[in-house]
Amino acid sequence: MAVELDHSFTTDKPIDQSFASILDLNRLVPCVEGGSVVEEIDPASVRAQIAIKMGAMSMIFSGTLDVVEQDPVAHHAVMNVKSKEEGGTGYANATVTFDLSEGGGTIHTNAQITGKAASMGEGVVAGVLDALITDFASKVGNI
């Protein structure tokens, strides 16, 4: 199942500082509720995990987050998430695009989800993902 979402965030920090913060994966990952860095591979790549609750189901996804594109002049960054459900056969992968401007920015998420999470139905998955990214967007402007 594929889900595409767009969110915006605001910040009072200078744009270059906000851009540097977004690229600091050790600070960025914990902004996702249930997210944590397990290991830093290099400054542009980490192993991470996220615990997600969908209704009565709880799942943990583990994988990598990689910065695959960054343009400090345009304040544009693209990250790839590749994760697998622990103890299951499902995965949750995503391409996340950040475009910053003075006072904030936008986050575009293109996610592909399979397994138990996808079996909950597109409406439930999109709702949970939307709530997760809305919460993330409210925190990302403060890092």
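Annotations for the structure displayed:
- Conditions (1) among the hydroxyl-bearing types (Ser, Thr, Tyr); (2) surrounded by fewer than 18 Cβ atoms within 10 Å (Cβ to Cβ); (3) more than 24 Å from ILE15 (Cα to Cα); (4) within 16 Å of the chain's Cα centre (by Cα): number failed by THR134: (3)
- Residues of the stretch 83-107 classified as of a type outside the set (A, V, I, L, M, F, W, C), out of contact with any Phe, Trp or Tyr (no Cβ under 8 Å at 6 or more places or on another chain) and either under 20 Å from HIS7 (Cβ atoms) or surrounded by 19 or more Cβ atoms within 10 Å (Cβ to Cβ) (or both), total: 7
- Some residue of the stretch 117-126 being acidic (Asp, Glu), surrounded by fewer than 16 Cβ atoms within 10 Å (Cβ to Cβ) and part of a strand (DSSP E or B): no
- The stretch 86-131: number of residues that are in contact with a His (Cβ under 6 Å, 6 or more places away or on another chain) and over 18 Å from GLU33 (Cα atoms): 3
- Pick from the stretch 54-82, criterion part of a strand (DSSP E or B) and touching a residue at least 40 places away in the same chain (Cβ under 8 Å), ranking: surrounded by the most Cβ atoms within 10 Å (Cβ to Cβ): LEU65
No lab work stands behind these numbers, since they all come straight from the coordinates. As the structure is a computational prediction, the values presented were derived from the model and not from experiment. As a convention, Cβ positions derive from the backbone with ideal geometry for all residues, glycine included, and neighbour counts pool all protein chains shown.
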